Amino acid sequence: MSVNPVYQGLLEQLQRTADRVPETQRRMMNQLGVAWSPDRMVKAVVGPRGQLVDLVIDPRVFRQPNAAALTSMILQASRDAADQVARRVDEILQEQLPPELTELRARQPREDLGLEDHFADLMRSDAQRYEEREERS
């Protein structure tokens with residue numbers, strides 16, 4: 001029994017994608033996001049899941065202590081770093097999609113296709129979710 005060439009091509013493409021999963025996971029897990037506050041007094045580093053893994057605060061910040069300003073700088077740098085790593089991880093995932101799907105996604109907003117972008121929702125930072133919750137309260 002012969003397999004329809006269209007299905008055969010899809011199966012081969014699926015097999016190639018499955019074969020690349022370990023390498024894709026490794027690349028994703030090696031990503032870091034790094035961001036600085038505008039005045040370069042705070043540096044935030046996040047891991048591939050957007051979790052803060054390092055925070056560097058320039059000691060000069062403490063010469064004129066301002067807890068609210070420091071909090072704001074830390075949060076913004078952390079968010080920027082998390083956004084950066086989320087974009088990188090998304091790019092890695094997009095590389096693994098069949099070209100036709102990537103092209104379709106680029107041309108057509110997912111809402112117009114009747115689909116929800118679950119990955120984008122998953123990669124939203126905790127800070128974004130917290131802000132939304134605070135706004136609803």
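The values are calculated or read from the model by the stated rules, or taken from the named source; none is laboratory data. Remember, predicted model here, so these are calculated numbers, not experimental data. Cβ placement follows ideal geometry from the backbone for every residue including glycine, while neighbour counts extend to all protein chains displayed.
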Of all residues being at pLDDT 80 or above and part of a loop (DSSP other than H, G, I, E, B) in segment 1-23, which is nearest to PRO99 (Cα to Cα)? Just the residue, please.
ARG20
With the requirement that a residue be in contact (Cβ under 8 Å) with a residue 12 or more places away in the chain and under 22 Å from GLU95 (Cα atoms), what does segment 24-48 give you?
THR24, ARG27, MET28, MET29, ASN30, GLN31, LEU32, GLY33, GLY47, PRO48
Considering residues that are loosely packed, with under 11 Cβ neighbours inside 10 Å and on the phi < 0 side of the Ramachandran plot, the number found within segment 17-59 is 7
